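A.B. asks: First the structure, which I've put down as structure tokens, then a few questions once you've had a look.
The values are calculated or read from the model by the stated rules, or taken from the named source; none is laboratory data. It should be emphasised that the depicted structure is a prediction, and the values quoted were computed from it without experimental measurement. Every residue, glycine among them, receives a Cβ derived from its backbone with ideal geometry; neighbour counts consider all protein chains shown. These area figures cover heavy atoms from the full protein model, side chains too; ligands, DNA and RNA do not enter into them. Shrake-Rupley method; radii C 1.70, N 1.55, O 1.52, S 1.80 Å.
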Amino acid sequence: MKISQKTRYLLTFVFTLLVSCTGGPGGGASSADADKFVAEAEKKYLAASMKQGRASWIQSNFITDDTEIISAEASDELTKTIKDLAEEARKFDGLKLSEDTTRKLKLLKLALPLPAPGNAAEREELTKTVVKMESDYGKGKYCPDPSAGDKAKCLSLGDLESILAANRNPEELKKAWLGWHQVSPPYRKDYVRFVELANKGAKEMGFKDLGSMWRSNYDMEPEAFAAEMERLWQQVKPLYDSLHTYVRTKLRQKYGDAAVPATGPIPAHLLGNMWSQQWGNIYDIVKPPTTATTYDLTEILKRKNTDARQMVRYGEGFFTSLGFDQLPKTFWDRSLFVKPQDRDVVCHASAWDIDNQKDVRLKMCIKINDEDFTTVHHELGHNYYQMAYAPKSPLYQNSANDGFHEAIGDTIALSVTPEYLKKLGFIDKAPDESADISLLMRLALDKVAFLPFGYLVDQWRWKVFSGEVGPADYNKAWWDLREKYQGVAPPASRSEADFDAGAKYHVAANVPYSRYFMAHILQFQFHRALCREAGFTGPLNRCSIYGNKQVGEKLKKMLEMGQSRPWPEALKALTGEDKMDATAIIDYFAPLKAWLDEQNKKR
Ligand code: X8Z
Ligand code: ZN
């Protein structure tokens with residue numbers, strides 16, 4: 001595939017509808033010329049993307065000053081290639097073109113890595129700034145005692161995340177939280193400059209700002225997209241509120257009334273995750289006391305001495321059971337599965353497609369636990385999508401919309417049910433239905449807890465890009481949103497010397513985030529539809545599509561469409577529905593919601 005999935009994250013910027021060139025519609029060009037132009041443009045786009053993908057892969061796997069420069073140069077070249085092609089494509093404005101060529105020209109305009117300003121020096125500065133911020137994040141460490149001069153004592157993000165997940169001493173949790181949040185202030189000024197330059201590029205192309213460009217990528221008006229997101233958030237908010245209230249009560253019992261207020265926000269360092277975005281790690285604190293105990297997947301994986309490769313093999317096994325091919329040999333030879341000890345890498349998990357065809361790869365510092373078992377499925381979902389749409393022409397090699405790309409692997413992971421784990425030989429017997437509330441709680445801690453975070457990250461960026469929030473208020477606005485949507489508060493007072501949004505990978509690396517919010521809605525919609533296809537009639541948390549080739553075929557059909565049709569058509573092909581719909585996640589968790597409301601009433 002021409003370009004890494006990671007790069008794809010950046011490729012979500014849209015050109016404006018370009019004004020007609022002088023000399024009337026088409027300026028003498030014909031619709032056959034347009035077909036020819038598109039074919040040539042796809043070749044150039046593919047070549048520049050592959051070059052950029054390889055450079056970016058090396059930079060992420062070996063962070064050095066040199067690889068940063070090489071990667072920035074390749075990004076710069078790709079930006080220029082697409083921008084030039086899009087400008088040239090103006091000559092076809094106003095001409096009646098074939099449906100395919102019209103769509104491809106639109107997608108070409110959408111495929112711009114960064115809306116860089118026309119000025120070459122500014123374009124270079126912008127690409128360099130973005131590459132540098134991602135590298136700084138990747139290199140980020142917390143050295144509790146820098147004067148000791150012992151680098152070995154410095155903690156990586158992975159080390160700090162492990163503390164957040166497992167430690168139950170609030171002081172140590174706070175230290176780890178604050179430690180990681182020291183990494184981002186040094187690139188705060190870079191972010192300010194990045195916003196200026198990217199906005200300048202967006203404006204030159206006729207957009208109000210970069211946020212408006214991002215919102216223009218969903219086959220609807222940008223305002224309509226913002227309204228869709230809000231509609232979905234309002235659908236799921238009552239479910240989140242019930243979970244939040246219950247979890248706060250359990251945390252009060254654990255850490256005391258002074259540490260956790262009765263009605264206010266929850267301190268962000270107590271939720272088991274650096275960004276309080278998934279709470280599965282505090283299941284031990286909040287698990288329902290009266291229902292049956294279940295199993296501990298982390299413990300099982302460790303007991304079986306599972307290694308990183310084997311974790312990936314399990315994920316692959318699920319896909320092959322649905323009728324997908326095995327991963328190619330090159331995947332196993334070229335991927336990064338284990339955090340190297342001798343160099344800096346970007347550990348944030350990502351799935352890549354380097355050559356537009358079979359050269360797919362995973363880059364992940366796998367830990368042997370429940371969370372990464374799910375993340376491996378998430379990433380392989382990207383790789384199987386990439387391989388499914390590989391036969392399409394380059395401009396169609398993408399997901400229906402970016403939320404789809406994020407949802408596929410998660411959909412598969414929803415089929416990791418007790419019954420499936422029994423088939424793998426992980427447990428002797430699947431717990432009966434008395435365990436359902438526990439199982440639903442475990443999953444809700446990840447999936448329901450995520451929703452407000454998934455929504456707010458781009459709420460913040462949209463405000464920053466539009467200028468509604470200026471650099472003087474970056475941190476305040478971030479925490480206002482985190483309190484408003486997630487109901488969490490920082491563990492210590494924060495100021496504008498901090499840059500807490502920048503302590504999240506996707507902000508530092510400029511990856512749009514609304515896609516994950518959509519994916520958390522879509523994956524339940526997909527799961528419901530696939531279970532229906534399988535003829536499953538029981539509760540959805542017990543449905544596993546493992547081994548069902550007919551269902552696999554249906555899924556594959558949608559993946560193979562790539563981006564060749566507007567996303568509602570792809571959604572319809574799989575689910576029969578053409579709108580995103582949160583009733584699937586709400587129905588899935590309905591028994592838990594009733595249980596939570598009962599518990600919350602008691603208090
Ligand atoms: O970034 C990711 C994936 C790679 S696309 C690991 N996720 C988001 C995050 O970590 O913040 C998956 C869930 C949300
Ligand atoms: Zn992903």
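A.B. asks: Tell me, in nm to one decimal, what length is gained between Asp432 and Gln253 on full extension, where the rule is 0.36 nm per residue of separation less the Cα-Cα distance?
C.D. replies: Working it through step by step, the gained length comes to 61.6 nm.
A.B. asks: Note down the net charge around Ala584, summing +1 for each Lys or Arg and -1 for each Asp or Glu among other residues with Cβ under 11 Å from its Cβ.
C.D. replies: In short, -1.
A.B. asks: Given +1 on the Cβ of Lys and Arg, -1 on the Cβ of Asp and Glu, and no further charges, what dipole in debye does the chain carry about its Cα centre, rounded to the nearest 20?
C.D. replies: Its charge dipole is roughly 680 debye.
A.B. asks: Along Cα→Cβ, 7 Å out, is where each label goes; now give me the distance between the ones at Asp100 and Arg532 in nm to one decimal.
C.D. replies: A separation of 3.2 nm, rounded to one decimal place.
A.B. asks: Give me the net charge for the shell around Gly467: Cβ to Cβ below 14 angstrom, other residues only, Lys and Arg +1, Asp and Glu -1.
C.D. replies: +1
A.B. asks: Excluding same-chain residues fewer than 8 positions from Lys601, which aspartates and glutamates have a Cα within less than 15 Å of its Cα?
C.D. replies: The reachable aspartates and glutamates, counting only those whose Cα sits under 15 Å from Lys601, are Asp241.
A.B. asks: Give me the distance in nm between label points sitting 7 Å out from Cα along the Cα-to-Cβ direction at Ala472 and Glu553, one decimal.
C.D. replies: Taking the two extended label points, one gets 6.5 nm.
A.B. asks: Report relative contact order for the chain in percent, whole number only (criteria: Cα-Cα under 8 Å, sequence separation at least 6).
C.D. replies: 19
A.B. asks: Using a cut-off of 14 Å between beta-carbons, work out the net charge of the residues near Gly256 (Lys and Arg +1, Asp and Glu -1, Gly256 not included).
C.D. replies: Around Gly256, the surrounding residues sum to +3.
A.B. asks: Let me ask you something else. So, with a 1.4 angstrom probe, what is the percent of accessible area on the chain that is carbon and sulfur?
C.D. replies: 52
A.B. asks: Helix 436-466 versus the longest principal axis of the chain: what is the Cα-based angle in degrees, 0 to 90, to the nearest 10?
C.D. replies: Computed tilt is about 40 degrees.
A.B. asks: Same structure again: How tilted is helix 402-413 with respect to the longest principal axis of the chain? Cα atoms for both, answer in degrees (0 to 90, nearest 10).
C.D. replies: Tilt of helix 402-413: around 40 degrees.
A.B. asks: Any idea which of Ala503, Gly94, Tyr240 is furthest toward the positive side of the dipole for the chain, if Lys and Arg beta-carbons carry +1 and Asp and Glu beta-carbons -1?
C.D. replies: Tyr240
A.B. asks: Same structure again: Compare the Cα positions of Gln52, Ser162, Gly256 along the charge dipole of the chain (+1 at Cβ of Lys, Arg; -1 at Cβ of Asp, Glu; about the Cα centre) and return the one farthest towards the positive end.
C.D. replies: Gly256
A.B. asks: Taking a ≥ b ≥ c as the square roots of the Cα gyration tensor eigenvalues, with a/c under 1.5 meaning rounded and otherwise prolate when a/b beats b/c, else oblate, which class fits the range 311-423?
C.D. replies: Note, shape of the range 311-423 comes out oblate.
A.B. asks: State, to one decimal in nm, how far the label point of Ala227 lies from the label point of Ser493, with both points 7 Å from Cα in the Cβ direction.
C.D. replies: Simple spin-label model gives 4.3 nm for this pair.
A.B. asks: Can you pick out the pairs among Lys83/Lys200; Lys80/Lys189; Lys44/Lys109 whose Cα atoms lie more than 18 Å from each other?
C.D. replies: Check vs 18 Å cut-off fails for Lys80/Lys189.
A.B. asks: How much accessible area per residue does the chain have, counting only protein heavy atoms and a probe of 1.4 Å, in square angstrom?
C.D. replies: The answer is 38 Å² per residue.
A.B. asks: Can you tell me which aspartates and glutamates have their Cα less than 16 Å from the Cα of Lys358? Leave out same-chain residues fewer than eight positions away.
C.D. replies: Excluding near neighbours in sequence, the set is Glu316, Asp325, Asp333, Glu379, Glu560.
A.B. asks: Would you mind telling me the antiparallel percentage of the DSSP bridges in the chain, rounded to 5?
C.D. replies: Approximately 70 percent, going by the DSSP bridge assignments.
A.B. asks: Moving on. Within the set Lys392/Lys423; Lys287/Lys602; Lys104/Lys208; Lys287/Lys579; Lys174/Lys254, which residue pairs have Cα atoms separated by over 27 Å?
C.D. replies: Going by Cα-Cα distance, Lys392/Lys423; Lys287/Lys579 fall outside the 27 Å limit.
A.B. asks: Evaluate the charge dipole of the range 45-95 about its Cα centre and quote only its size in Debye, nearest 20, assuming +1 on the Cβ of each Lys and Arg and -1 on the Cβ of each Asp and Glu.
C.D. replies: 260
A.B. asks: Could you tell me which of Leu451, Pro391, Phe465 has its Cα farthest along the dipole of the chain towards the positive end, charges placed at Cβ (Lys, Arg +1; Asp, Glu -1), taken about the Cα centre?
C.D. replies: Leu451
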